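A.B. asks: This is the structure I want to talk about, given as structure tokens.
The values are calculated or read from the model by the stated rules, or taken from the named source; none is laboratory data. No experiment lies behind these values; they were computed from the predicted model shown. Cβ placement follows ideal geometry from the backbone for every residue including glycine, while neighbour counts extend to all protein chains displayed.
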Amino acid sequence: MPVWMGVDLGNARVGLALSDPELTFAHPAGNVLAYGDYDNAMDDVLNAIEDNDVSHVVVGHPLSLDGHEGASARKARAWSERLRYRCVVEGFAGTTVELLDERLTTVTAHRQLSEAGVSSRRHRPSVDQQSATVILQTALDRRGARVEDAPDDVDETNGE
């Protein structure tokens, strides 16, 4: 059964998260080393998409606090467009890619790690995948709200 993947693009690491098959809960799925340029992580992300039967990828879009797209957000947009293209080329044409506003997800991830008892010194290796989990859980929650709000007489697959 297909799952969704969350992606948090970082300079050192790209954090990954996966959903459960019911598309209810997100969980951390590790990091991919980016070596200072997250384009280097593209092949590893594509391998994770294939290995986990991912049908939808949610990429964090780091907008500025006022909602404008700065340099990091433009890089995330370009990366997600390359991922979308590579999914088609690699034979994952059914895999969709979306950007999701990720303002303050790193703050949330640090808070969650602290609440879980992880020392602040150990946050660095975990924060990217925890941020990816927050991004993915936000997308799953929004999807769940849309499904719950749909009228009972509407077929959600084609809107009729």
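A.B. asks: So in the range 35-52, with the set limited to residues that are part of a loop (DSSP other than H, G, I, E, B) and at pLDDT below 95, which one is nearest to Arg86 (Cα to Cα)?
C.D. replies: Asp37
A.B. asks: Would you kindly identify the helices (runs of 4 or more DSSP H) lying entirely within the range 53-160 that contain at least 1 residues that are at pLDDT 90 or above and surrounded by 19 or more Cβ atoms within 10 Å (Cβ to Cβ)?
C.D. replies: Those helices (runs of 4 or more DSSP H) span 71-89, 123-149.
A.B. asks: If you don't mind, another one. For the range 22-43, indicate whether the set of residues that are crowded, with 20+ Cβ neighbours inside 10 Å, among the charged types (D, E, K, R) and touching a helix residue (DSSP H, G or I) at 6+ places or on another chain (Cβ under 9 Å) is non-empty.
C.D. replies: no
A.B. asks: Follow-up. Which of the residues that make up the range 1-34 are touching a residue at least 12 places away in the same chain (Cβ under 8 Å), over 25 Å from Val88 (Cβ atoms) and not in a strand (DSSP E or B)?
C.D. replies: Hits for the range 1-34 are Gly10, Asn11, Ala12, Asp20, Thr24, Phe25.
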